[in-house]
Amino acid sequence: MAATAGVVWGNPASVHREGQRARHEVEAAREAVARLVVRDPVDVTLTSGGTEANNLALAQPFLGEAGVAVGSLVLSRIEHPSVVKAAETLARRGVDVRFVEVGADGRVDPNAVEAVMAGCEKLAMVSLQAVNHETGVIQSVEQLAPAVAARGAHLHVDAVQAVGKVASEAWRAADWITVASHKIRGPKGVGAVIGRPGLKLQPLLRGGEQEKGARPGTQDPVAAAGFAVAADRAKTGPERYRGLAPLRDDLERRLTKLATDAGLRVGLNGSASRVPHVSNLSWEGWRGDELCAALDLEGVAVSSGSACSAGSSEPSKVITAMLGPQRARGAVRISLGEDTVSEDVDRAVAAFQRVFSRLESA
Ligand SMILES: Cc1ncc(COP(=O)(O)O)c(C=O)c1O
């Protein structure tokens, strides 16, 4: 990105050479994203990130020129806020929005989704994430693709937390796929929505002809350059992330022991099959946001909800839907990164130990 920023200053929509140089970066990102999700570059629309891609995808079946929203939208209670809130807005415009409950283990049961789908007169879309953003639980979205297609509806898969992390191609049969660059170690502020071949993405924004008119607004070639590198690297991400599972499990074991030695109960939030680098735990008697603040002073960065709701003291909606508000108040999400090594785990456990002993004696 630094190298690109030094030489690329043209507008990707301009026909002169400087513009074409910038355009090249945008097209390279489109091609890299297409390689990552195994789709055609013509079906990749670049956006400002996962939030915009989710809003765009969800609106697709309801963007008729008549302005009348018809049909049902089915989603789970644990989707990212950029899906849940977009759905709530569609509901206010007349879309029949139906929520599927989540199990205590963090999994959305495909049978429960099918049961909700069966109750819809005119199913328009099913929107489900491939991996949850707070618990890391892997969802069995791919199982639902034939049933959704049989009803003539669209399947949208928010794959933001899944691409580059799991080999499972939960998004393979999706009509719309969402990805975000910053979840695969690329820059923030760029993402993509990818459509099934033949589907034309309708715009939410009005303006120029960028992204074939589906997403008007000048693209950022520097962010695109970073996204391209990140997307290509993410193709082999699942192999690297797999190696983190023993470290994560060791961390969980040691943190559980710390708590039980102190006579406290600790609960794992998301006991279903998970991605290898996420741990979400609740400590009885302690508030997650207080633990986060105390750990921050120890140099350990964890969070009490998804990053998006950090700063709000509301307990996590995801953990509340799974296990109730009490458990949600104590929830702390710990994420390991590709570069995390056992010494980092030792350091984190020592920090937790100091925080626990301080809190106990307080
Ligand atoms: C599952 C999921 N979807 C969507 C988003 C939103 O992406 P962005 O932050 O790029 O808007 C996030 C961000 O954390 C996410 O985890």
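The values are calculated or read from the model by the stated rules, or taken from the named source; none is laboratory data. All values derive from a computational prediction rather than experimental measurement. Note that we place each Cβ from the backbone using ideal geometry, even for glycine, and neighbour counts take in every protein chain shown.
From ALA22, ALA34, ALA59, which residue is in the same structural domain as LYS165 (by TED's automatic domain parsing), of a type in the set (Gly, Ala, Ser), closer than 24 Å to LYS235 by Cβ and not in a strand (DSSP E or B)? The match here is ALA34.
On inspection, ALA301 qualifies as within 16 Å of the ligand (Cβ to nearest atom), surrounded by fewer than 17 Cβ atoms within 10 Å (Cβ to Cβ) and not assigned by TED's automatic domain parsing to the domain that holds ALA130. Suppose the filter is within 20 Å of the chain's Cα centre (by Cα), under 21 Å from GLY164 (Cα atoms), small (Gly, Ala, Ser) and not assigned by TED's automatic domain parsing to the domain that holds VAL318; does SER82 pass it? For SER82, the condition - within 20 Å of the chain's Cα centre (by Cα), under 21 Å from GLY164 (Cα atoms), small (Gly, Ala, Ser) and not assigned by TED's automatic domain parsing to the domain that holds VAL318 - is met.
For segment 91-140, the tally of residues that are surrounded by fewer than 21 Cβ atoms within 10 Å (Cβ to Cβ) and under 30 Å from LEU336 (Cβ atoms) stands at 7. When ALA59 is tested against (1) touching a Lys or Arg at 6+ places or on another chain (Cβ under 9 Å); (2) within 16 Å of the ligand (Cβ to nearest atom), only condition (1) is not met. For segment 188-201, filtered to residues that are hydrophobic (A, V, I, L, M, F, W, C) and within 13 Å of the ligand (Cβ to nearest atom), the residue that is surrounded by the most Cβ atoms within 10 Å (Cβ to Cβ) is ALA192. Number of residues in segment 171-187 that are surrounded by fewer than 24 Cβ atoms within 10 Å (Cβ to Cβ) and either touching a Cys at 6+ places or on another chain (Cβ under 9 Å) or among the small types (Gly, Ala, Ser) (or both) equals 1.
Note on segment 72-85: residues that are surrounded by 24 or more Cβ atoms within 10 Å (Cβ to Cβ) and more than 21 Å from ALA328 (Cβ to Cβ) total 2. Could we say that VAL157 is surrounded by 22 or more Cβ atoms within 10 Å (Cβ to Cβ), within 15 Å of the ligand (Cβ to nearest atom) and free of Cβ contacts under 8 Å to residues at least 40 places away in the same chain here? When the stated conditions are applied, VAL157 passes them.
Scanning segment 44-54 turns up at least one residue that is of a type in the set (A, V, I, L, M, F, W, C), modelled with pLDDT of 95 or more and part of a helix (DSSP H, G or I). Of the helices (runs of 4 or more DSSP H) entirely within segment 239-341, those holding at least 2 residues that are of a type outside the set (Asp, Glu), within 17 Å of GLU134 (Cα to Cα) and at pLDDT below 95 occupy 288-297, 325-329. For segment 167-210, enumerate the residues that are of a type outside the set (Gly, Ala, Ser), touching a Lys or Arg at 6+ places or on another chain (Cβ under 9 Å) and over 24 Å from MET125 (Cβ atoms). Selection gives HIS182, ILE184, ARG185. In segment 224-240, the residues that are of a type in the set (D, E, K, R) reach residues that are outside any helix (DSSP H, G or I) with C-beta atoms within less than 7 angstrom, at least six apart or across chains, in these pairs: ARG240/GLU338.
Scanning segment 167-187 for residues that are away from the ligand (no atom under 13 Å from the Cβ) and at pLDDT below 95 yields ALA167, SER168, GLU169, ARG172, ALA173.
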